[in-house]
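In what follows, a single structure is set out as structure tokens and then discussed.
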Amino acid sequence: MNFYVTTPIYYVNDQPHIGHAYTTVAADVLARYHRMRGRDVYFQTGTDEHGQKVQSAAEERGLDPKGHADMMVENFKTLWTKLDISHDAFIRTTDADHTKVVRELLQRLWDEKQIVKRTYSGWYCTPDERFWMEKDLVEGCCPDCGREVEKIEEDNYFFLMSEYQDRLTEHIQKNPGYILPETRRNEVLGFLKNQPLGDLCISRPKTRLAWGVTLPFDEDFVTYVWFDALLNYYSGAQYLAPAEFKKTNGDLAPWPATHHLIGKDILTTHAVYWSTMLMALEIPLPENIFAHGWWTVEGRKMSKSLGNVVEPAGVAEKYGVDAFRYFLLREVPFGLDGDFSEDALVNRINTELANDLGNLQSRVLKMVAKYCKSEVPEPEETEEEMKALAEGILDALEGHLEVLQFQRALDEIWKLVSFVNKYIDTNAPWALAKDPAKAGRLRTVLYSSTEALRFLALYLHPFMPGSTVKLWRTLGQGEDLREISLDKEARWGRLKPGTGLLDEGPLFPRIDTGKKERERAKFEPKRATEKAIGEMRQKLSGKEGKDMEEKAADNLISIDGLTKVEIKTGKVLKAEAVEGSNKLIRLEVDTGEPRQIVAGIGNAYRPEDLEGKTIVVVTNLKPAKLMGIESQGMLLAATGPDGEPSVLMPDREVPPGSKIK
RNA sequence: GGCGGUGUAGCUCAGUCGGUUAGAGCAUGCGGCUCAUAUCCGCAGUGUCCGGGGUUCGAAUCCCUGCACCGCCA
């Protein structure tokens, strides 16, 4: 039985973000793990390159769509190299071989009357490439993106998906592991139960969309992207996978896929469209579709407009590829949503990678260097408890990874890390070393600790390939860790006494947060104020400033005009998000007297970050109601070039209610 | 609106079939060690298990109900 794992094919136009990295790293861990278990692994990722957006983007740059895709695909390919992704194949939907498979299968469905031609009328949103029903429109516009839609009546081809509703429901019910996690499975079952399944429009007339796979039975149409895209999982297995798979595992091998890893946003597409397509084609279904969660960033949804898109290459560069990979899989149970923040990442790195694991390696290697001249000592006896723990992890890994519980797998491995740290403390080799009578015991303790490190390198290799290769090397293990068999190596005692150990410095350097915190506390309020002043200066002195000065000449006010405005400092006592608004924050501020202020700064600040801060408030402004809440004054903030507010704060501590003049 | 889910320590969460004193990590406090990357080890906690009602000898767990939040609805 082979092991075939996929990521979705990513839309070639997208800028790779943490979500892409997440799925791909997860798939990579599985692939690496199963290779180490000696299984025939095929791991495929790739890009989706057809459709309106690619066509438009190419036109904008004066390129043909393929040329544009050729350029954009590098974004993904480079990132996967940076993140140590070990995919066996990279499929592009513009591959001639892929297109060929798509056309063959379309033809087959047409011949078997699983595809029919119908007149379709509806409202079409061109940028989103999809039809809407009249009832779904929001004020006559696309409910998804808010842009205008056009009424279209045209012939199209439909895949008779509706015929498979019962079969699909039954398949999902009979195979509890088909859709995971369970909550997603429930969703799909609910979806299938509540309404009749419709047929799926799988074509677009070339007059509207030229960039796609031409229907084999009608030259005037291309196939709609999903039909083309989903088939990659199957087509790649036919023409990109090594031929050996077919010899040992049958004609379709490595198909069917063991796991399709996807984000929860494309669950229906996979669970319903893809499954029924395969049923119609009489191709076996994949064993599992796993929909993982989404990442928020510092507690907010990731979006281009917020400018908080996490760029994986940058994070990997700053903190290390392996630390990033580790964080992604350790922080959140696979399947649930998670939150990415640098603080959380640094915390994981420092506590688990640097303190627990890195320091363990360091203390063991240094002691072997000190007490045994950097050579693995001959143990006096076997530490049975540690042996059982270390060897037992292999089964635990298998269990957890079978259901993609990476977090639990890592948890299991960390039990060994903790055990050895405790073991060293309890046995105190530094004390044993002082007593020649205890030399045998010392050798046992150091041997066992070193042997445990060898297990850790093995088990952690799928998660952190680079660091574990290094660890493996410092343990004097010559063989290439990537090629090694877990079943052979995860046996206690395979570490040979006499092996020379190397010191290559810390495995995971600690990140000094103390300094960072102090700097942030010191500079952040100042920075905001400085920025505001700087911007004003720039405007007044620069070219832009001159224009403004001229324009402003008539608008000049006298000092009296200014003194009418009462501005004071205020200490934020309490801050909370206003319900029903993502921008408004309600603040209770002490400006000498308590007052309530509502400020539209929720995009840039979390309420809890404002509490305790001293801000600047216009205190004699007429009260106004925002979302039904009275705002008694106005908080002053500079607007940055990105449109994000930067709240003014005094340079040094002043009492609440201090006058500003 | 329909369907599904969640609510447990300061934070993130685990809690199997209903069963002893409700757990883990992080954060916090105290103590110990000195091999180690200011690391490691030990101890200490704090709980209206969302509210209300019910079943039961016994409920975080099962049932009903209310509230809050989240997801899915081509």
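Here are the numbers:
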item: Hey, A:Leu416 away from RNA strand B (no atom under 16 Å from the Cβ), buried (at least 19 other Cβ atoms within 10 Å of the Cβ) and under 32 Å from the mean Cα position of the chain (by Cα) or not; result: no
item: Segment A:377-389, subset buried (at least 16 other Cβ atoms within 10 Å of the Cβ) and part of a helix (DSSP H, G or I), residue farthest from RNA strand B (Cβ to nearest atom); result: A:Lys387
item: Criterion: surrounded by fewer than 19 Cβ atoms within 10 Å (Cβ to Cβ), modelled with pLDDT of 90 or more, within 9 Å of RNA strand B (Cβ to nearest atom) and among the acidic types (Asp, Glu) - qualifying residue of A:Asp220, A:Asp199; result: A:Asp199
item: Count of residues meeting criterion [closer than 14 Å to A:Ser341 by Cβ and of a type outside the set (Lys, Arg)] in segment A:310-322; result: 3
item: Residue match in segment A:487-496 (condition: within 13 Å of A:Gln361 (Cα to Cα) and crowded, with 20+ Cβ neighbours inside 10 Å); result: no
item: Total residues in segment A:318-375, condition more than 8 Å from RNA strand B (Cβ to nearest atom) and of a type in the set (Gly, Ala, Ser); result: 7
item: 3 or more residues within 24 Å of the chain's Cα centre (by Cα), modelled with pLDDT of 95 or more and closer than 30 Å to A:Trp472 by Cα: qualifying helices (runs of 4 or more DSSP H) within segment A:280-376; result: A:321-331
item: Residues satisfying the stated conditions in segment A:191-209, i.e. touching a helix residue (DSSP H, G or I) at 6+ places or on another chain (Cβ under 9 Å) and of a type in the set (Val, Ile, Thr); result: A:Ile202
item: Set A:Leu502, A:Leu495, A:Leu507: member being within 16 Å of RNA strand B (Cβ to nearest atom), assigned to a loop (DSSP other than H, G, I, E, B) and over 19 Å from A:Ala323 (Cα atoms); result: A:Leu502
item: Hey, A:Arg537 modelled with pLDDT under 95, more than 16 Å from RNA strand B (Cβ to nearest atom), assigned to a helix (DSSP H, G or I) and within 30 Å of A:Met36 (Cα to Cα) or not; result: no
item: Failed item, numbered, when A:Ile424 is tested on (1) surrounded by 15 or more Cβ atoms within 10 Å (Cβ to Cβ); (2) at pLDDT below 95; (3) of a type in the set (Val, Ile, Thr); result: (2)
item: Exclusive hit being closer than 21 Å to A:Thr45 by Cβ and out of contact with any Gly (no Cβ under 8 Å at 6 or more places or on another chain), set A:Pro216, A:Pro254, A:Pro196; result: A:Pro254
item: Near pairs, Cβ below 6 angstrom, 6+ apart or cross-chain, from segment A:185-207 (in the same structural domain as A:Asn156 (by TED's automatic domain parsing) and assigned to a strand (DSSP E or B)) to any residue that is among the basic types (Lys, Arg) and at pLDDT 90 or above; result: none
item: Options A:Val272, A:Val315, A:Val310, A:Val297; residue that is under 19 Å from A:Pro16 (Cα atoms), within 16 Å of RNA strand B (Cβ to nearest atom) and crowded, with 16+ Cβ neighbours inside 10 Å; result: A:Val297
item: Some residue of segment A:248-266 being among the hydroxyl-bearing types (Ser, Thr, Tyr), part of a loop (DSSP other than H, G, I, E, B) and either outside the structural domain of A:Asp40 (by TED's automatic domain parsing) or surrounded by fewer than 19 Cβ atoms within 10 Å (Cβ to Cβ) (or both); result: no
item: Condition met for A:Ile152 (of a type in the set (Val, Ile, Thr) and either in a strand (DSSP E or B) or under 25 Å from A:Thr223 (Cα atoms) (or both)); result: yes
item: Complete set of residues in segment A:419-469 that are within 11 Å of RNA strand B (Cβ to nearest atom) and under 28 Å from the mean Cα position of the chain (by Cα); result: A:Ser467
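This table checks each residue for (1) within 15 Å of RNA strand B (Cβ to nearest atom); (2) touching a Cys at 6+ places or on another chain (Cβ under 8 Å); (3) farther than 30 Å from A:Glu402 by Cβ; (4) modelled with pLDDT of 90 or more.
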| residue | (1), (2), (3), (4) |
| --- | --- |
| A:Arg167 | yes, no, no, yes |
| A:Ile179 | yes, no, no, yes |
| A:Thr183 | yes, no, no, no |
| A:Asn194 | yes, no, yes, no |
| A:Gly212 | no, no, yes, yes |
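The values are calculated or read from the model by the stated rules, or taken from the named source; none is laboratory data. The model shown is predicted, which means the values in this text are computed figures rather than measured ones. Reconstructed Cβ throughout: ideal geometry from the backbone, glycine too, with neighbour counts over all protein chains shown.
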